[in-house]
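Only one structure is covered here, and it is reproduced in the block below.
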Amino acid sequence: MKRRKTWIAVALIVGVGLSTAIAQTTPGPAPAATPTAQADAKAKEMVVAEVRKVDKESGKVTLKHGEIKSLDMPAMTMVFRVKDAALWNTLTEGANVRVVIEKAIVGYTVTWAEAAP
Ligand SMILES: [Cu+2]
């Protein structure tokens, strides 16, 4: 009897595993259109900043930024990594910008930048 219960348990586990695998491979509804970087950025906190220094070679920018509530960071001047080389078009020395800053494994990264209105 004990042996039989064990087999039922094994059968149940295999059954659950199979149905999970099937659920994962069954095509669901088509994914929504890939959001543009801009739409993506709008869902995140935009921070006003002034570009103090640009170091394209090391991929870093010094920003004097306003408070970043989502990162619990007060206004200050600090160095950020820049995610994408295209951002250098906006991150020019002296420019007033609005940026999205995200926490990286080490430090913080500017993932979006646009000219401040
Ligand atoms: Cu800061």
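Pairing each residue of the range 66-79 that is on the phi < 0 side of the Ramachandran plot with any residue that is in a loop (DSSP other than H, G, I, E, B) and within 8 Å of the ligand (Cβ to nearest atom), provided the two are 6+ apart or on different chains, yields C-beta distances under 7 Å for G66/A75; E67/P74; E67/A75. For the range 89-111, filtering for residues that are more than 13 Å from L63 (Cα to Cα) and either among the hydroxyl-bearing types (S, T, Y) or surrounded by 13 or more Cβ atoms within 10 Å (Cβ to Cβ) (or both) leaves 2. One residue stands out in the range 95-117 among those that are more than 16 Å from the ligand (Cβ to nearest atom) and at pLDDT below 95: the one that is farthest from the chain's Cα centre (by Cα), namely P117.
Within the range 48-65, the only residue that satisfies the criterion of being of a type in the set (A, V, I, L, M, F, W, C) and without any contact (Cβ under 8 Å) to a residue 40 or more places away in the chain is V54. Once the range 63-117 is narrowed to residues that are assigned to a loop (DSSP other than H, G, I, E, B) and acidic (D, E), the residue that is farthest from E45 (Cα to Cα) is E93. Which of the residues spanning the range 38-94 are acidic (D, E) and away from the ligand (no atom under 16 Å from the Cβ)? Residues satisfying the conditions are D40, D55, E57, D84, E93.
The values are calculated or read from the model by the stated rules, or taken from the named source; none is laboratory data. This is a predicted model, so every value here is computed, not measured. Please note: Cβ atoms are built from the backbone with ideal geometry, for glycine as well, and neighbour counts cover all protein chains shown.
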